[in-house]
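Report on one structure; see the data block that follows.
Nothing in this text is a laboratory measurement; each read-out follows from the coordinates by a stated rule. This is a predicted model, so every value here is computed, not measured. Here Cβ is always computed from backbone atoms with ideal geometry, including for glycine, and neighbour counts include all displayed protein chains.
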Amino acid sequence: MRYRILGSTGLRVSVVGIGTWQFGGEWGREYSQPDVDAILDQGRDSGINLIDTAECYGDHLSESRIGDYLSRHDRSHWIVATKFGHHFNGFMSRDDRFSAADVLAQLEGSLRALRVDRVDLYQFHSGSDALFQDAALWEMLAAQQRAGKIGHLGISILGKGSEWQARQAREVGAEALQVIYNRLDRRPEQLYFSHAQRDQLGILARVPLASGLLSGKYSPGTKFPVTEVRGSFDADKVDRDLAEVERIRRTEVPAGIPMAQWALAWCLKSPLVSAVIPGCKDADQVRSNAAAAELVPGD
Ligand SMILES: NC(=O)c1ccc[n+]([C@@H]2O[C@H](COP(=O)([O-])OP(=O)(O)OC[C@H]3O[C@@H](n4cnc5c(N)ncnc54)[C@H](OP(=O)(O)O)[C@@H]3O)[C@@H](O)[C@H]2O)c1
């Protein structure tokens, strides 16, 4: 495994982390505690030390599974990142809850679920610019940071993008940006990299496999079931993306290298990207994803 320092946080994160939206049950299967244990055991054995979760991957469900694991293993090995701002109502349904009082209650819920006394990285979860502009929210978070319940603050920027939030990050005390970044979506290079460089913000690349499309195992015409998140994607766009993935596989991926590993290492070409956080379905995917670190040139 390779490690990079996440912006100005001083946190030494493995360049490959584990995204855990999957544990909330919206990716076509339910995760038992033994399923999660196997994934996190493999992560630790592969040198991974970064977990990304959120309040609304199930109603604190993903966090609870991680917390159960952490309560039985070495908590100090892990850098735990979670998020705030939503209430989970059911499959792919959430309400915004970004007021200072709501977020304070969520923080307590996350600490309980994760069974920790501190969240290492607490991220604004893809809220609008209007919700971001709330001095009371950021004052409350700074107070919780002083109280030791939050290590560092981050912003998980909404999917359609917000350069303005990246520009404001330092103002509100954030030290990391989580953005969609992968071989099919290079907008962050223009939108965020210069802010990250200037303000020493660590970048976490989420959806680094383009929701699995960049694994190379799907062909145009693939239909995902409605029981998982990808079943709600625009089918025409998925087809166009898969055609582009085939072109990339033919023209850019060296022979003999699994495309998923290549795609993760591609995101890490810039040292501004501290880590990728691929969602992992099982321990085999964790093992394969961790091996992508070997394709990353030394810093
Ligand atoms: N707003 C936000 O803050 C936000 C939004 C989205 C995601 N996130 C975070 O980012 C993480 C990653 O994003 P994501 O999970 O949406 O997308 P992703 O990482 O691009 O894709 C994950 C999917 O790729 C497939 N996969 C993973 N490793 C593989 C391998 N080695 N070989 C083949 N297939 C592999 C798996 O699906 P199949 O095997 O079923 O194809 C897996 O469910 C999430 O778990 C979450 O922590 C945050």
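Observations on the structure shown:
- Helix axis angle, 61-72 relative to the chain longest principal axis, alpha carbon, degrees: 80 degrees
- Other residues within the sphere of radius under 13 Å centred on the Cβ of residue 288, judged by their own Cβ, net out at 0 (K and R +1, D and E -1).
- Rounded to 10°, Cα long-axis angle of helix 33-45 versus longest principal axis of the chain: 80 degrees
- Residue order, fewest to most beta carbons within 10 Å, for 171, 55, 139, 26: 171, 139, 26, 55
- Rg followed by Dmax, in Å, when the chain is reduced to its Cα trace: 18.0, 53
- Taking other Cβ atoms within 10 Å as a rough exposure proxy, 141, 184, 50 sort from fewest to most as 184, 141, 50.
- Total charge dipole magnitude, the chain, about the Cα centre, Cβ charges on Lys, Arg, Asp, Glu only, Debye to nearest 20: 620 debye
- Take every pair of alpha-carbon atoms less than 8 Å apart whose residues are at least six positions apart; their mean separation over the length of region 3-295 yields a relative contact order of 22 percent.
- Cα-based helix-to-principal-axis angle, 135-146 vs the chain, degrees rounded to 10: 90 degrees
- Centroid-to-centroid separation of region 1-66 and region 258-299 [C-alpha atoms, Å]: 14 Å
- Ranking of 53, 20, 9 by neighbouring Cβ atoms within 10 Å, starting from the fewest: 9, 20, 53.
- Take every Cα pair under 8 Å whose residues are at least 6 apart in sequence, average their separation, divide by the length of region 148-299, and the relative contact order is 22 percent.
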